[in-house]
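Structure, as structure tokens:
The values are calculated or read from the model by the stated rules, or taken from the named source; none is laboratory data. The shown structure was predicted, so the numbers you read here are calculated from the model rather than taken from an experiment. A quick note on method: Cβ atoms are made from the backbone with ideal geometry, for glycine too, and the neighbour counts reach across all protein chains shown. We work out accessible area using only protein heavy atoms, side chains counted, and drop any ligands, DNA or RNA first. Shrake-Rupley method; radii C 1.70, N 1.55, O 1.52, S 1.80 Å.
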Amino acid sequence: MSQRAPAERMVREIFVPARGQYDNIGDILLRRQLLDWLRGSGPLHVYVGEAPDGYAEGLGLTSGDVQYRSFRRWYAAALRSAARGQASYVFKPGEIQLTVVGMKEHLAMLPVLALVRARHGRVARVGVGSRNFAPLPRALMGPSIALSNVSLWRDAATAGYLGRGSIMPDLAFAGASSGADSSGTARRDVLVVSMRSDLEYPSAAWLAGVRAVAADNGLQIWCVTQVLRDDTKCGQLAADLGGQALRWNGTGHDEQEQRLRDLYRRAALAVSDRLHVLVGALTEGAVPAALLVNAKSDKIARHFAAAGLHDVSIVSAGLTAAQIAARLQNLLGRRVAILAGLAEAQDELHTVRRLLDQVLTSETAR
């Protein structure tokens with residue numbers, strides 16, 4: 001009996017937006033990881049908007065990627081490709097604000113998504129989290145989610161709020177430079193600090209607690225800028241903590257990321273209220289400490305919990321300097337367990353990557 005030859009795999013063009021906050025290197029970490037994952041599933045058509053050169057270079061775009069700065073040109077190309085039955089669409093990862101402006105991608109792309117699905121293309125959403133949880137935006141998100149073959153949310157609160165889909169670790173947990181040392185054997189003589197500019201300044205007890213744990217462990221304090229709008233606060237913190245500052249003028253995003261990673265590889269402890277400072281430092285082997293000024297946001301705790309990492313947040317309000325130092329020292333003592341948790345999260349992300357490839361290349365609709 002003759003056997004039928006296996007069908008040739010359909011390779012579709014993948015349309016994906018990669019624009020973000022151009023002053024935020026954390027956005028690059030997420031988007032570059034996703035682009036690297038997608039490249040093996042089909043040729044990429046990437047919308048970067050009016051991105052400065054350093055941002056675009058930080059994304060790691062290759063000569064095989066088609067890059068668009070015009071939204072209209074990218075949108076029209078997506079419609080043409082979808083009409084030919086040759087397109088798939090992948091939403092950008094990261095945080096979405098469920099407001100009219102924040103939901104622009106999820107609403108404006110509905111005609112493209114509908115045409116993609118009608119012509120048997122695929123739609124995927126991976127590593128997305130919500131900032132707010134109002135009822136009306138949730139209803140408006142319904143059609144976009146319904147048209148997706150797969151939706152993977154980066155925290156449990158978003159998954160519970162938006163419904164359909166599963167939970168995955170944030171994409172940034174997958175990224176580490178080739179020089180990263182996850183074994184903890186490298187010499188680590190730095191304590192990194194980076195704090196948001198849009199939140200209140202740390203208290204005297206907060207500052208004293210950080211200085212104390214640095215002194216007790218023989219660590220140099222380095223305040224760093226990973227988001228340009230935090231740069232002034234970075235300089236002020238360095239002065240108040242008696243440390244040094246790795247600042248940034250907003251250009252050469254790829255070069256600043258490399259400088260940060262070089263420092264993170266020397267860090268024993270990273271203290272921040274920015275999620276992707278902590279994740280980026282962790283992937284280079286530093287222990288993350290979300291030393292929060294107050295308890296107004298659980299964003300960091302939610303996203304670390306989705307990666308299987310718990311109790312990395314410390315609310316400093318009401319604590320003495322000695323109590324803050326003790327909490328930070330406790331985190332340092334959990335180094336081996338935290339790095340093991342990171343390895344498990346990265347294994348889970350490998351599984352997510354395989355699932356995404358299967359969804360995008362399968363000939364059977366899911």
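Remark: pairs (first residue in the range 140-165, more than 15 Å from Glu105 (Cα to Cα); second residue crowded, with 21+ Cβ neighbours inside 10 Å and among the acidic types (Asp, Glu); Cβ separation under 7 Å; 6+ apart in sequence or on different chains) = Arg154/Asp170. Checking the range 9-16 against the condition returns a match, with at least one residue being modelled with pLDDT under 95 and aliphatic (A, V, I, L, M).
Can you confirm whether the range 312-330 contains a residue that is touching a residue at least 12 places away in the same chain (Cβ under 8 Å), farther than 25 Å from Gly129 by Cβ and of a type in the set (Ser, Thr, Tyr)? The answer is yes, given that some residue of the range 312-330 is touching a residue at least 12 places away in the same chain (Cβ under 8 Å), farther than 25 Å from Gly129 by Cβ and of a type in the set (Ser, Thr, Tyr). Exactly one residue out of Gly285, Gly308, Gly250 is open to solvent by 40 Å² or more (accessible area, probe 1.4 Å), at positive phi and among the small types (Gly, Ala, Ser), and it is Gly308.
When each of Leu228, Leu269 is tested for being out of contact with any helix residue (DSSP H, G or I) (no Cβ under 8 Å at 6 or more places or on another chain) and at pLDDT 95 or above, the lone residue that passes is Leu228.
If you filter the range 331-366 down to residues that are in contact (Cβ under 8 Å) with a residue 24 or more places away in the chain and of a type in the set (Asp, Glu), you find that the one that is most open to solvent (accessible area, probe 1.4 Å) is Glu344.
Within the range 182-209, the set of residues being touching a helix residue (DSSP H, G or I) at 6+ places or on another chain (Cβ under 7 Å) and either over 30 Å from Gly54 (Cβ atoms) or open to solvent by 70 Å² or more (accessible area, probe 1.4 Å) (or both) comprises Ser182, Gly184, Ala205, Trp206, Leu207, Ala208, Gly209.
Scan the range 284-304 residue by residue and report those that are under 12 Å from the mean Cα position of the chain (by Cα) and touching a residue at least 40 places away in the same chain (Cβ under 8 Å). Across the range 284-304, the qualifying residue is only His303. Residue count for the range 34-57 under the criterion of being closer than 18 Å to Asn149 by Cα and either open to solvent by 60 Å² or more (accessible area, probe 1.4 Å) or assigned to a loop (DSSP other than H, G, I, E, B) (or both): the result is 1.
This table checks each residue for (1) open to solvent by less than 20 Å² (accessible area, probe 1.4 Å); (2) in a strand (DSSP E or B).
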| site | (1), (2) |
| --- | --- |
| Leu260 | yes, no |
| Leu269 | yes, yes |
| His276 | no, no |
| Gly280 | yes, no |
| Ser297 | no, no |
| Ile314 | yes, yes |
| Ala317 | no, no |
| Gln323 | no, no |
| Gln329 | no, no |
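Scanning the range 305-344 for residues that are closer than 16 Å to Gly280 by Cα and touching a Ser or Thr at 6+ places or on another chain (Cβ under 8 Å) returns Leu339, Leu342, Ala343.
Within the range 77-97, track down each residue that is of a type outside the set (S, T, N, Q), under 18 Å from the mean Cα position of the chain (by Cα) and not in a strand (DSSP E or B).
Phe91, Lys92, Pro93
Considering only the range 111-141, state which residues are open to solvent by 20 Å² or more (accessible area, probe 1.4 Å) and within 17 Å of the chain's Cα centre (by Cα). Residue satisfying the conditions is Arg131 alone. Inside the range 58-101, residues that are at pLDDT below 90 and either under 18 Å from Leu29 (Cβ atoms) or surrounded by fewer than 17 Cβ atoms within 10 Å (Cβ to Cβ) (or both) make up a count of 6.
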